[in-house]
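Coordinate-derived values only; no laboratory data. Values in this document were obtained by computation on a predicted structure and should not be read as measured data. Here Cβ is always computed from backbone atoms with ideal geometry, including for glycine, and neighbour counts include all displayed protein chains.
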């Protein structure tokens, strides 16, 4: 599956200076792993040493928080968009 | 659209600098990395939250020096991240601390006080404190446009203070906010945008907005500065109690920042030898329809499990709280606790506070009072305790919540005998 992954600007430096990337994978975790292969420095910012997302980095798959789905095991449809956002503040 | 126009739309936009106060540098709460002052809330190294780094050997004022200063949040300026003189929102803060003997009796505690931010200047909620700090940070960073993602109170505070400061404002709120909060924002003339979705959807959007347009979104990329304003509520409580600490403090929890910063504020006063007494036990209150921090306190662990909010307490309906784990840690470390209450209980909390103290609070305040009652019933608030309840917003903003629970007032002709009949019936 080919998907678009959008990073916050703060992570662009670790991803070749770009915030928008094309990556492949059957699950969100696979997509992150694919991108981490290209940008190892980015990989350590998106997942912990157990390969899981940090509690303060949120992944949205087509606008849905993956924590309400299957986390990194959430299947990714072809053409989907994953948005990475730091944790959310109060209002 | 041409390729160059599309590129311009998607490029971050820098704004021209305007002279303002110098700001504290920032440090990552997780990895300790140092950052220069910036409109940035997360660490480049680990995405952890940034917070101001204060000079540990800076000169601190004593009690008398603080007492001689104007009654605003800025009397505690050495503990705020604006270096030198603030230039905006100089008259926010120093709200009343009301002793509430009838409420203490109802709760079964020795003494109780209400920290009444329902009358905060200018927008009737504690958000005035954090916005005052954030707008000075925006000015210090040379930003001309500010904004926020809001459940209502923050929208009111940003709109009011930005209008006075002459800053452009973009304010994003969930579509279904209470009318009082929509009107209380729109009247100041900001760019007000209602978003289809929950607060968490709005906040996610604002993360992207801050990234794209380079504006100062107070609770996103100015969050490190903004949050420090909440400490002033702790400073005021201690000073108004005669420079001593209460046994217990109860505050509503949304993103978890207020409770975390209250805890930090009390610790900073102790470190500066300004107060007497033990650190208060910290108690957090949430609506049971949106209680991810209470759940974390009760279940243990480190990671928040997000929820989809279902409560009338919209001002604290954040299912995905950024500072939830820090709030839970402060609660545990202080020996406090947490409680969640139903929507029915929070309405009773609003009415109990009104009947016993003469203070009309919004739904978040109702949650705080109802949680205090629940904690007292459970024996977590004790008979010998001195307790402060943080009432963070004004009831006139959410009349819809309490109106159905109130009886209709009688309508009479202007005749004395009709009043007499009512008086007789009342007895």
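Straightening the chain between residue B:87 and residue B:213 buys 42.9 nm, computed as 0.36 nm per residue apart minus the Cα-Cα spacing.
Pairwise alpha-carbon distances in the range B:203-307 exceed 25 Å for 35% of all pairs. Using 0.36 nm per residue and subtracting the Cα-Cα separation, the extra length available between residue B:119 and residue B:168 on full extension is 15.1 nm.
Under the criterion of Cα pairs below 8 Å and six or more residues apart, the relative contact order for chain A equals 37 percent. Taking other Cβ atoms within 10 Å as a rough exposure proxy, B:343, B:117, B:276 sort from fewest to most as B:276, B:343, B:117.
If R0 is taken as 22 Å, the Cβ-Cβ distance between residue B:175 and residue A:81 corresponds to a FRET efficiency of 0.45.
In the range B:183-235 the Cα-Cα distances spread across 10 Å bins starting at 0 as 20, 41, 34, 5 percent of all pairs.
Peptide packing for B:37-44, B:382-389, A:9-16 was compared via the average number of neighbouring C-beta atoms within 10 Å per residue; ordered from the highest value, the list is B:37-44, B:382-389, A:9-16.
Across the alpha-carbon atoms of the range B:73-175, the computed radius of gyration and Dmax are 16.2, 51 angstrom. Compute the distance from the alpha-carbon center of the range A:1-27 to that of the range B:97-122, in whole Å. Between the Cα centres of the range A:1-27 and the range B:97-122 lies a distance of 51 Å. For residue A:9 and residue B:194, what does the FRET efficiency come to when R0 = 45 Å and r is the distance between their Cβ atoms, rounded to the nearest 0.05? For R0 = 45 Å, the calculated efficiency reads 0.95. Please compute the Kirkwood hydrodynamic radius of the range B:125-250 from all pairs of different C-alpha atoms, in Å with one decimal. Across the range B:125-250, the inverse of the average 1/r is 15.0 Å.
For chain B, the relative contact order works out to 16 percent when only alpha carbon pairs closer than 8 Å and six or more residues apart are counted. Counting other Cβ atoms within 10 Å as a rough exposure proxy, the listed residues A:64, B:305, B:362 run A:64, B:305, B:362 from fewest neighbours to most. Along each principal axis, taking the top coordinate minus the bottom one, the Cα set of the protein assembly as shown gives 82, 52, 45 Å in descending order.
Placing dummy labels 7 Å off each Cα toward the beta-carbon, the span from residue B:71 to residue B:267 is 3.1 nm. Between 0 and 90 degrees, the angle of helix B:416-426 with respect to the longest Cα principal axis of chain B falls at about 90 degrees.
The orientation-averaged projection of the convex hull spanning the C-alpha atoms of the range B:228-280 amounts to 3.3 square nanometres.
The order of B:283, B:199, A:39, going from fewest to most other C-beta atoms within 10 Å of their C-beta, is A:39, B:283, B:199. The spacing between the range B:212-270 and the range B:42-92, judged by their C-alpha centroids, is 12 Å. Both the radius of gyration and Dmax for chain B are 21.8, 80 Å, in that order, over alpha-carbon atoms. Pairs of Cα atoms in chain A fall into 5 Å distance bins, from 0 up to the last occupied one, in shares of 3, 15, 28, 29, 18, 5, 1, 0 percent. Assuming R0 = 41 Å, can you tell me the calculated FRET efficiency for the pair residue B:419 and residue B:105, based on Cβ-Cβ distance, to the nearest 0.05? With R0 = 41 Å, the Cβ-Cβ based efficiency is 0.80.
Entry for the range B:379-422 at q = 0.22 Å⁻¹: log10 I(q)/I(0) = -0.86, Debye formula applied to identical alpha-carbon scatterers, no solvent contribution. How many angstrom lie between the C-alpha centres of the range B:138-207 and the range A:48-84? If we compute the Cα centre of each part, the gap is 28 Å. Taking 0.36 nm per residue of sequence separation and removing the Cα-Cα distance, the residue A:2/residue A:18 pair yields an extension gain of 4.0 nm. Estimated from helices alone, the mean residue ellipticity of chain B at 222 nm is -11500 deg cm²/dmol (sum of -39500 (n - 2.57) over DSSP H runs with n ≥ 4, per residue).
Ellipsoid semi-axes for the range B:295-427, based on the Cα gyration tensor and the rule √(5λ), read 38, 18, 11 Å when sorted largest first.
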